[in-house]
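Worksheet: one structure, shown below.
Just so it is clear, none of the values below were taken in a lab; they were calculated from the coordinates. None of the values given here were measured: they were computed from a predicted structure. When we count neighbours, we look across all protein chains shown, and the Cβ atoms used for this are built from the backbone with ideal geometry, even at glycine.
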Amino acid sequence: MTLIITFCAVPVWVARGEEKSERSCCAAPSGRAAILAALHPVATKAEKPAIPEGMVWIAGGEFSMGCELPGAKLNERPIVRVRVDGFWIDEHDVTNAEFRKFTEATGYKTTAERPVDWEEIKKQLAPGTPKPPDEFLRPGSMVFKPTAGPVDLKEMAGWWTWTIGASWQHPTGPHSNLDGLDEHPVVQVSWDDAVAYAKWAGKRLPTEAEWEFAARGGLEGKRFAWGDEFKSGEKFMVNTWTGDFPYKNTKEDGYERTSPVKTFPANGYGLFDMGGNVWNWCSDWYRVDTHARMKLDPSSCQNPQGPKSSYSPEHPNQTERVTKGGSFLCHVDYCESYRPAARRGTPPDTGMSHIGFRCALSEVSTPKPMDKNK
Ligand SMILES: [Ca+2]
Ligand SMILES: [Ca+2]
Ligand SMILES: [Cu+2]
């Protein structure tokens, strides 16, 4: 491992036992950090494990991306043949315990922990939208609250509340905490937070195509990651909303909100919660017509990195990134977004009760498992 020290925001690599070092012109060659680094033995690059811990190698291949079965949404159509190169992906969502290590190591403050910048926000709104009172621009996030009874399911504002003081550490509001939630997926993280974590971990977010390929677990054209039936006999395969959304949660699958990672069965690739529990941020911009555009341009189906910008007719001023996998709020009759093809756009600055992420790594940056025994 190479120790990375930053002087004047320019990284300096100081690797013990290696002649080559890359220094910036403004860094003192014998600064205290360099001296301290030399005093402690540090691992060399060769000691990096061949298999990244907690990740699964997904050999690349071709697959049918999207879904045209009854109930599949327009944004999943048409099915396109897509090829992805091999990659690594986290076997489970990033947990609160893992995210805590990141914030403790870096002092990183998430989007929800910073005041809202009205100048940024207003770019995503129709011109002339009045500024909300300052009290609402304090740090906060979007918290799910069940309604008292049945509501119009088109009125999402009925169950999402902008909550001052909500953040990954206070997922349901300022008086909540992470007691007992260490192994639950981190939530209330923005796309920017997910990217920051991934960079710190030496990883990246998966592309939408990689994510869906991985979620399918080697099965072709199935409705779910495990087959075509929602339940396997009496067994729940995913943490979703059971009962009547959004007011009556019967918790038949054992969980009202998030569940600890690895609670529900892994898919064919050994990946957990690719459906349900929490949505996962992907690296792509979200367009409602991504599939239609790919169909017209087969060259865009080789390792797709997503469109150049986002587009959703419902929110023309808003930029959106792809989220995949659905969550504990998805209902079998309502959105069924725990299907691998399901996709949604979410503004990158928006953390919510049901959005988390997992990371990926490219083939080129890490040896494959087969290299381990060489
Ligand atoms: Ca549930
Ligand atoms: Ca999920
Ligand atoms: Cu849903």
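Quick look at the numbers
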read-out	value
Order of D333, D289, D93 - criterion: other Cβ atoms within 10 Å of each residue's Cβ, fewest first	D333, D289, D93
DSSP-loop chymotrypsin sites (Phe, Trp or Tyr not before Pro) across segment 223-283, with at most 13 other Cβ within 10 angstrom	none
Relative exposure of D90, D273, D244, judged by other C-beta atoms within 10 Å (fewest first)	D244, D90, D273
Sum of side-chain charges, Y269 neighbourhood, beta-carbon under 11 Å (Lys, Arg +1; Asp, Glu -1)	0
Base-10 log of normalised Debye intensity for segment 93-361 (one unit scatterer per alpha-carbon) at q = 0.09, 0.14 Å⁻¹	-0.40, -1.03
Segment 225-316: GluC sites (Glu not before Pro) falling in loop per DSSP and having at most 14 other Cβ within 10 Å	E229, E234, E252, E314
Estimated vicinal HN-Hα couplings, Hz - segment 104-121 in sequence order (Karplus 6.51, -1.76, 1.60; Gly, Pro = x)	5, 6, 10, x, 4, 9, 6, 3, 5, 9, 10, x, 6, 8, 4, 4, 6, 4
Cut-off 12 Å between beta-carbons: net charge of the residues surrounding G243, Lys and Arg +1, Asp and Glu -1	-3
Residues K262 and Y334, FRET efficiency given R0 of 22 Å [Cβ-Cβ distance, rounded to 0.05]	0.25
Contour minus Cα-Cα distance for L178 and R114 (0.36 nm per residue)	21.1 nm
Listed pairs K123/K154; K122/K248; K101/K324; K199/K235; K131/K154 exceeding 27 Å between Cα atoms	K122/K248; K199/K235
